[in-house]
Amino acid sequence: DAKTTQPTSMDCAEGRAANLPCNHSTISGNEYVYWYRQIHSQGPQYIIHGLKNNETNEMASLIITEDRKSSTLILPHATLRDTAVYYCIVKGGSQGNLIFGKGTKLSVKP
Amino acid sequence: NAGVMQNPRHLVRRRGQEARLRCSPMKGHSHVYWYRQLPEEGLKFMVYLQKENIIDESGMPKERFSAEFPKEGPSILRIQQVVRGDSAAYFCASSPPGQGRSGEQYFGPGTRLTVT
């Protein structure tokens, strides 16, 4: 599975959009981009995933560049409860496990 | 629809004792994964199981650790002769049939093991 690079930390004002970037320049054609988050001491929570088209669900939007070498997770109206570590994971279908990196620690401030 | 359940939520063991961690996957899910998170570190994959089968145990320590997912009942992660370095949060995740190698997994709240 391809490696990902994320900023260590980011701040966002409450009510504003949080845009979390992820680089995955070695992604291969059959690998998906997944996003999870882990709120302090809780189990990770699945957010969204995509292959090459942009995706949106009730939690977030995922924008994947045309060359698929990077993506951005967008939380449109961040709340204090969105404060968490966000993990970008690239995964193909050859293995069952997820490989978690260090993620981005997002702090939403009032 | 109940989510992934893990028990106990907190477990304290003395060095040398055995620890048994239980995981009940979401209803209808047939794939179970165990991950470990050491203090201030990221999650590390341990083992992937289907009913009565271990699919991938590449992340499991070679000694003292074992896992099972019997035909009936929860998945069990067993740690024998625990040492202080086993102190961590252990998370279980599950996914539906046919989605074993997808990345959409649903995690439980974890079991926090403390070895004294």
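Determine, yes or no, whether A:Q42 is open to solvent by 50 Å² or more (accessible area, probe 1.4 Å) and touching a Phe, Trp or Tyr at 6+ places or on another chain (Cβ under 9 Å). Give the derivation first.
Numbers: open to solvent by 50 Å² or more (accessible area, probe 1.4 Å): yes; touching a Phe, Trp or Tyr at 6+ places or on another chain (Cβ under 9 Å): yes.
Taking the combined requirement at face value, the residue satisfies it.
Considering only residues that are away from chain A (no Cβ under 14 Å), among the hydrophobic types (A, V, I, L, M, F, W, C) and touching a strand residue (DSSP E or B) at 6+ places or on another chain (Cβ under 6 Å), which ones fall in the range B:60-112?
B:F65, B:I76, B:L77, B:I79, B:V82
Only one of (1) under 16 Å from A:G43 (Cβ atoms); (2) at pLDDT 95 or above; (3) assigned to a loop (DSSP other than H, G, I, E, B) fails for B:A2. Which number is that?
Looking at each condition in turn, B:A2 falls short on (2).
This table checks each residue for (1) among the small types (G, A, S); (2) out of contact with any Leu (no Cβ under 6 Å at 6 or more places or on another chain).
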position: A:S70; (1), (2): yes, yes
position: A:L73; (1), (2): no, no
position: A:H77; (1), (2): no, yes
position: A:D82; (1), (2): no, no
position: A:G92; (1), (2): yes, yes
position: A:G96; (1), (2): yes, yes
position: A:K102; (1), (2): no, yes
position: A:K109; (1), (2): no, yes
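Could you give me the residue pairs with C-beta distances under 6 Å whose first residue belongs to the range A:85-102 and is at the interface with chain B (Cβ under 7 Å from one of its Cβ atoms), whose second residue is polar (S, T, N, Q) wherever it lies, and which are 6+ apart or on separate chains?
From the range A:85-102, the pairs are A:G101/A:T4.
I'm checking my understanding of the structure. Among residues of the range B:74-116 that are part of a helix (DSSP H, G or I) and either aromatic (F, W, Y) or open to solvent by 10 Å² or more (accessible area, probe 1.4 Å) (or both), which one is nearest to A:G50 (Cα to Cα)?
This residue is B:G85.
Conditions: (1) among the β-branched types (V, I, T); (2) buried (at least 17 other Cβ atoms within 10 Å of the Cβ); (3) over 17 Å from A:D82 (Cα atoms). A:I48 meets all but one. Number of the miss?
The failed condition is (3).
Select from the range A:52-84 the residues that are in a strand (DSSP E or B) and surrounded by fewer than 21 Cβ atoms within 10 Å (Cβ to Cβ) and list them in ascending order. Step through it out loud before you land on a result.
Of all residues in the range A:52-84, those in a strand (DSSP E or B) come to A:55-56, A:61-64, A:70-75, A:84.
Hits for the range A:52-84 are A:E55, A:T56, A:S61, A:I63, A:S70, A:T72, A:I74.
The values are calculated or read from the model by the stated rules, or taken from the named source; none is laboratory data. This one's a predicted model, so the numbers in the text were calculated from it and none came from an experiment. Note that we place each Cβ from the backbone using ideal geometry, even for glycine, and neighbour counts take in every protein chain shown. Note: areas computed on protein heavy atoms with side chains; ligands, DNA, RNA excluded. Shrake-Rupley method; radii C 1.70, N 1.55, O 1.52, S 1.80 Å.
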